[in-house]
Every structure is written in C-alpha cells, then in structure tokens.
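To keep things clear, I will list the structure first and then write my remarks on it.
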Amino acid sequence: TEKYEKGLEKTRKSFSDRLNELFANFRSVDEDFFDELEELLIGADVGFDTTLKITEALRQEVKLRNAKEQSEVQNAIIEKLVDLYEQGDTTKQAIKLNADGLTVILFVGVNGVGKTTTIGKLAHQYLQEGKKVMLAAGDTFRAGAIDQLVVWGERVGATVVRGKEGGDPAAVVFDAVKHAKEQQTDILLVDTAGRLQNKVHLMNELEKMKRVIEKEVPDGPHEVLLVLDATTGQNAMIQAKQFKETTDVTGIVLTKLDGTAKGGIVLAIRNELQIPVKLVGLGEGMDDLQVFDPNEYAYGLFA
Ligand code: GDP
C-alpha cells in the first residue's frame with residue numbers, strides 16, 4: 001500500500017539502496033559478495049546472529065540451486081528473508097481476536113516508545129471496522145499518561161476507563177473489563193506502565209492485571225503486545241529480551257519505522273526472540289499503523 005511504501009521510505013533509501021547497489025555491481029556469488037552482504041545487513045540493524053543465519057541459509061540455497069545469475073541470487077535472498085520471518089507460519093501475523101465476545105489486548109513497553117499512540121491508532125482501526133472499542137488507562141504511574149490516553153480516546157471516539165494517578169492498575173483493569181462486558185464492547189485495549197528499572201515490581205503488576213483479565217474473560221488476555229521503538233536499534237532488542245523475561249509477550253509492535261533508515265531490526269527481533277512483529281508504526285497520525293507483511297517487506301527491499 002501507499003502508506004506502507006511511504007513509511008518505509010527511509011529504510012528503502014539506505015538499507016534497500018545498498019542492497020540494490022550490491023546487486024547492481026553483482027559479478028558472482030563469491031566470498032566478497034557474502035562479506036559485503038553481511039556488512040550491509042549488520043549496518044541495517046539486522047544484528048550479528050541473524051545476519052549469519054541469513055547468509056548461511058543463502059549460501060546453502062545458492063549451492064542447492066546452483067544459482068549464478070544476479071536475479072537468481074536476488075530471488076533466493078528474498079525467499080530466505082521471508083522464510084526466516086515466517087518460519088513456516090503466516091497466520092502468526094494477525095492479531096488474535098475473540099470470535100464471540102470480548103477481546104482484551106495488553107500493551108507493554110517503556111515510556112516514549114509509542115504505546116499510547118499505538119493504542120489510539122489501533123482503536124481507530126477497529127472503530128473504522130465497526131467494532132466497539134474501549135480503552136483502559138492502566139499506566140497510573142507516569143504523570144500525564146492517563147490524560148494522554150483520554151485525548152486519544154476523544155480523538156478516535158472510544159470510551160476510556162481511568163482510575164487515579166498512582167492508583168492500582170489492576171483495579172482499573174477490573175473496572176474496565178466490567179464496563180466492557182456491560183456495554184458489549186468488542187475490544188478492550190489496556191495501557192500499562194513500563195518500569196523496567198524494577199523488574200520484579202513490573203512482573204507482579206502485569207501478573208496481577210493478567211489474573212484479573214483471566215478470571216473475567218475466557219482465554220484473556222488474547223494478546224500481550226510489546227511496543228518497541230525501531231529508531232533505538234539494538235537497544236530495542238535489549239528491552240525486548242528484558243520484557244520477555246518478565247511476561248509472555250505474544251507479539252511486537254515496532255513503532256517509528258518511518259524514522260529509521262535501517263529497518264533490519266524487524267528481522268533481528270523475529271529471529272532472536274522468536275516473537276513475531278505484528279504491527280508497525282509508520283507515522284504519528286491515527287492512520288499510520290499497519291499489519292506487518294513479511295512478503296511486502298522483503299520484496300520491498302528490492303523494489
Ligand atoms: P508512550 O510513552 O510509549 O505512550 O509513547 P507515546 O505514544 O506518547 O509516543 C511518544 C512519541 O512518539 C510521540 O511524540 C508520538 O507521536 C511518537 N510516535 C509514536 N509512534 C510513532 C510512529 O510510528 N512514527 C513516528 N514518527 N512517531 C511516532
């Protein structure tokens with residue numbers, strides 16, 4: 001789509017330009033070619049381990065197919081990128097929704113990564129699809145977090161359930177679930193505080209919220225989405241590892257992909273964490289959120 005293309009413009013301009021340059025100067029698939037490819041991938045935030053995995057898979061594929069032509073090698077790399085991403089399962093991309101009844105989605109992540117914005121954007125999408133959406137202001141810790149969510153609620157037209165600043169987030173969640181059920185809400189999006197400095201506290205807080213949801217909503221929470229800022233590169237990877245130790249993350253939202261020229265972090269996350277990137281943020285507006293499409297991404301790099 002056009003939005004997607006525009007959002008990945010920066011990534012395309014450097015990561016993808018360099019890839020295309022490598023293939024434009026292509027002579028043969030020799031060690032120099034692989035060296036340059038490795039350097040290029042690492043430079044695009046793909047990460048060391050993931051880079052080696054990709055180039056190793058490519059080496060085997062090239063051998064297997066006896067690929068010599070530029071176009072054959074290019075197709076092989078696209079295939080390997082998609083393979084690495086999907087690992088045989090394309091259904092993992094979609095947000096899991098409860099077919100009959102309330103869906104609850106928890107959002108975790110440190111301050112500033114774009115959690116509130118993502119909740120607003122996703123609420124907007126579901127509202128546009130005709131679903132009934134409610135927001136829960138579970139980040140009672142950061143000053144201003146509640147107000148910010150209320151602003152998004154007003155902007156997109158979703159009810160926001162809020163408690164007091166400094167109050168118990170699990171109590172807010174309890175209230176929100178109760179209201180959501182009463183009002184036959186389809187989707188409840190829950191904001192949480194992301195205090196990684198105190199992991200035990202964070203873990204307890206998230207577990208408590210989850211218990212409240214599990215008790216009131218069958219199979220809930222249906223997703224625990226970790227929000228990461230793509231512009232922070234390997235720092236985002238570190239955060240992801242820490243959150244993964246704290247709670248069961250079911251998917252990743254990678255925000256600000258429009259603000260990075262690298263974009264390879266998507267591959268690193270998938271490979272190193274075994275968690276799919278489900279949504280990507282491509283701007284600050286309410287329409288700037290897209291389902292991540294590995295095919296579109298891999299082919300887009302060579303467009
Ligand atoms: P939170 O603290 O995690 O809730 O982060 P916010 O939602 O307040 O977002 C922090 C800043 O990042 C805000 O200025 C947002 O407008 C901006 N932001 C969020 N997502 C995106 C995105 O996908 N692209 C860009 N360019 N900016 C974003």
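The values are calculated or read from the model by the stated rules, or taken from the named source; none is laboratory data. Predicted model only: the values in this text are computed from it and were never measured. So basically every Cβ, Gly included, is an ideal-geometry build from the backbone, and we count neighbours across all protein chains shown. Areas reflect the complete protein model, heavy atoms only, side chains present, ligands, DNA and RNA absent. Shrake-Rupley method; radii C 1.70, N 1.55, O 1.52, S 1.80 Å.
Quick notes on this one:
- Candidates L267, L289, filtered to the one that is closer than 20 Å to L106 by Cα and touching a helix residue (DSSP H, G or I) at 6+ places or on another chain (Cβ under 9 Å): L289
- Of the listed requirements (1) part of a helix (DSSP H, G or I); (2) more than 25 Å from the chain's Cα centre (by Cα); (3) closer than 21 Å to Y85 by Cβ, S14 misses just one: (2).
- Going through (1) farther than 25 Å from N295 by Cβ; (2) among the polar types (S, T, N, Q); (3) away from the ligand (no atom under 15 Å from the Cβ) one by one, T117 falls short only on (3).
- For the range 246-292, taking the residues that are charged (D, E, K, R) and over 11 Å from the mean Cα position of the chain (by Cα), the one that is farthest from Q197 (Cα to Cα) is identified as D287.
- Among the candidates V200, V108, V104, residue that is more than 11 Å from the ligand (Cβ to nearest atom), hydrophobic (A, V, I, L, M, F, W, C) and crowded, with 17+ Cβ neighbours inside 10 Å: V104
- Taken residue by residue, the range 191-199 has at least one member that is of a type in the set (A, V, I, L, M) and closer than 21 Å to V249 by Cβ.
- Looking across A261, A171, one residue alone is at pLDDT below 95, of a type in the set (A, V, I, L, M) and out of contact with any Pro (no Cβ under 7 Å at 6 or more places or on another chain). It is A261.
- Screening E245, E214 for residues that are open to solvent by 30 Å² or more (accessible area, probe 1.4 Å), part of a helix (DSSP H, G or I) and either touching a residue at least 40 places away in the same chain (Cβ under 8 Å) or under 23 Å from L127 (Cβ atoms) (or both) leaves exactly one candidate, E245.
- Among the residues here, Q87 qualifies as modelled with pLDDT under 90, farther than 25 Å from M286 by Cα and either away from the ligand (no atom under 16 Å from the Cβ) or open to solvent by less than 30 Å² (accessible area, probe 1.4 Å) (or both).
- Failed item, numbered, when G144 is tested on (1) away from the ligand (no atom under 12 Å from the Cβ); (2) surrounded by fewer than 21 Cβ atoms within 10 Å (Cβ to Cβ); (3) modelled with pLDDT under 95: (1)
- Among the residues of the range 259-277, those identified as under 17 Å from G43 (Cα atoms) and either assigned to a strand (DSSP E or B) or within 12 Å of the ligand (Cβ to nearest atom) (or both) are G259, T260.
- Hits in the range 278-303 - residues which are open to solvent by less than 10 Å² (accessible area, probe 1.4 Å), within 13 Å of the ligand (Cβ to nearest atom) and either assigned to a loop (DSSP other than H, G, I, E, B) or modelled with pLDDT under 90 (or both): F292
- Residue list for the range 212-245, filter: over 15 Å from the mean Cα position of the chain (by Cα) and of a type in the set (S, T, N, Q): Q242
- Extreme residue, farthest from M237 (Cα to Cα), among residues of the range 34-80 that are polar (S, T, N, Q) and either part of a loop (DSSP other than H, G, I, E, B) or without any contact (Cβ under 8 Å) to a residue 40 or more places away in the chain (or both): N66
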